[in-house]
Amino acid sequence: MQGLGRLACRSVLSTVLAVCTGSTVLAGAWTRDPGEGQVIMTTARRMAPAGAMFGGAPNRDTNISQIYLEYGLRDGLTLGAKAYVEVSTTDIDRSSAALGGFLRKRVWRDGLGSVAAIEVGYAHPVESLLGKTFAAADPGAVPEAHLAGLYGRGWGDAWSGTFVSTGAGYHWRGEGLADELRAEVTAGYRPWRRIMGMISLFGLAPLASGTDPSLKIAPSIAYTLWPHIERNEKKPDGPVRPNTIQLGVSYDLLNPGDGLGLSISIWRSF
């Protein structure tokens, strides 16, 4: 069941980091095995109003690119990093870029598919490194640090299953912006080995004025490119690490003016 949990964690990260926000956010509680890692490359687009995604002139049009990496340092301890760039085609002042990282430590698990972890992370804006295009960055691109508690539970086997992932964290934000409490709940179902569908809710509650609360819904679907092996063919030696393609959507239920986000991600294990 831990394999299904890892798949859930990767899906949550790639969808939410790319489509919902440029900040470091909560992730699943599962950790990677020592010496194993994964890179996720994401391209996303957000347009407002939401209908502009399907025709008409947008009030806001943003393109997002991200590279996300996680690696198992030892049993129960995972190191992660990301590079994030957001470019607005309608308002250059909203363009931004950041580098971030985190450590996730497993603190408990049982033999029934449950796991709990704590996570600490930091992200820093790097617009100054990218030239004049990013000289006037989005005021939300500030130093951020977070501390979160995470819990996940999975049911199933190597071919199908279900999972639930939850988390809550405190986010410190620099340059005088309001600190935030963030929480997430994600449920996923894998009817067979290649396909997984997920739906997430991500809540944000600012601890001072100046930031709007939000409640984002983010469904996605992931397809894993397992190799096709004929009945009489020999199975490959060693571990098989297929690529996975994920398609995601996000929408803020409390702030519909933020528009609609679409993303595509490619996951690669190593």
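Quick note: the coordinates plus some simple rules give every number you see, no bench work behind them. Given the structure is predicted, the values throughout are model-derived calculations rather than measurements. For neighbour counting, all protein chains shown are included, and Cβ atoms are generated from backbone atoms with ideal geometry for every residue, glycine included.
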At a 10 Å Cβ-Cβ cut-off, how would you order S88, S220, fewest neighbours first?
S88, S220
Thinking of region 47-122 as a set of Cα atoms, what percent of all their pairs are more than 21 Å apart?
52 percent
Here the net charge surrounding H146, from other residues whose Cβ is less than 15 Å away from its Cβ (Lys, Arg +1; Asp, Glu -1), is 0
Just want the ordering: E175, E184, from fewest to most Cβ atoms lying within 10 Å of their own Cβ.
E175, E184
How would H146, H124, H228 line up from fewest to most surrounding beta-carbon atoms within 10 angstrom?
H228, H124, H146
